[in-house]
Amino acid sequence: MPDTAFKTATLGLGGNLGDPVKSMALALRALDEREDCRVSAVSRLYRTPPWGKTDQSFFFNSCACVETTLAPEALLDVCLEIERGMKRERIERWGPRTLDIDILTYADISQDAPHLALPHPRMTDRGFVLMPLADFAADMIVDGKSVREWLARADIAGIEVADQSPNWWRRS
């Protein structure tokens with residue numbers, strides 16, 4: 001009998017092409033409408049400078065907590081399918097995109113698999129991930145430190161709140 005208990009995963013969402021806020025909202029709604037997923041928390045919406053490849057438009061970023069019965073790799077497949085539905089093209093690493101959904105954490109799983117490393121290997125270096133994640137999971141431990149502790153060390157220059165409401169994604 002498969003384990004159908006809900007597990008907690010955290011996701012990072014972002015984009016800077018087209019209407020990224022609408023794309024992220026549609027992605028969160030698509031996850032929340034599934035029987036095997038439910039969105040239990042969403043951060044405020046942030047406007048963030050590009051990271052890695054800096055000669056591009058600012059991004060919008062958010063994080064979400066999802067309760068799911070999907071295994072980590074199956075959740076990744078669902079997220080990638082949602083990205084494809086939003087016309088995401090993987091042309092250039094850290095380049096512009098309509099939508100990016102990263103699995104940041106999944107329960108207490110730590111793995112370094114080819115297609116899915118958990119926790120996300122660069123999340124503790126990225127202010128644009130840590131700032132929204134701290135909105136609902138500041139005390140969550142990642143790699144031995146709380147999100148709050150990682151955030152205190154992160155570069156958050158230029159990151160600003162674009163929408164104070166954690167319900168931004170529910171608006172039409």
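Of note:
- Of the residues making up segment 137-150, just one is surrounded by 19 or more Cβ atoms within 10 Å (Cβ to Cβ) and either over 13 Å from THR105 (Cα atoms) or at pLDDT below 95 (or both), namely TRP150.
- Taken across segment 68-75, residues that are of a type in the set (A, V, I, L, M), under 16 Å from VAL42 (Cβ atoms) and surrounded by fewer than 20 Cβ atoms within 10 Å (Cβ to Cβ) do not occur at all.
- Residues of segment 104-120 that are under 13 Å from the mean Cα position of the chain (by Cα) and either buried (at least 22 other Cβ atoms within 10 Å of the Cβ) or modelled with pLDDT under 95 (or both): LEU104, THR105, TYR106.
- Among the residues making up segment 136-158, those that are over 23 Å from THR68 (Cβ atoms) and either charged (D, E, K, R) or part of a helix (DSSP H, G or I) (or both) are LYS145, ARG148, GLU149, TRP150, LEU151, ALA152, ARG153, ASP155.
- Here LEU104, LEU133 are screened, and the one residue that is assigned to a helix (DSSP H, G or I) and touching a helix residue (DSSP H, G or I) at 6+ places or on another chain (Cβ under 8 Å) is LEU133.
- Strands (runs of 3 or more DSSP E) completely within segment 12-89 that count 1 or more residues being under 22 Å from LEU116 (Cβ atoms): 37-42, 59-68
The values are calculated or read from the model by the stated rules, or taken from the named source; none is laboratory data. This one's a predicted model, so the numbers in the text were calculated from it and none came from an experiment. All Cβ positions, glycine included, derive from the backbone under ideal geometry; neighbour counts span all protein chains shown.
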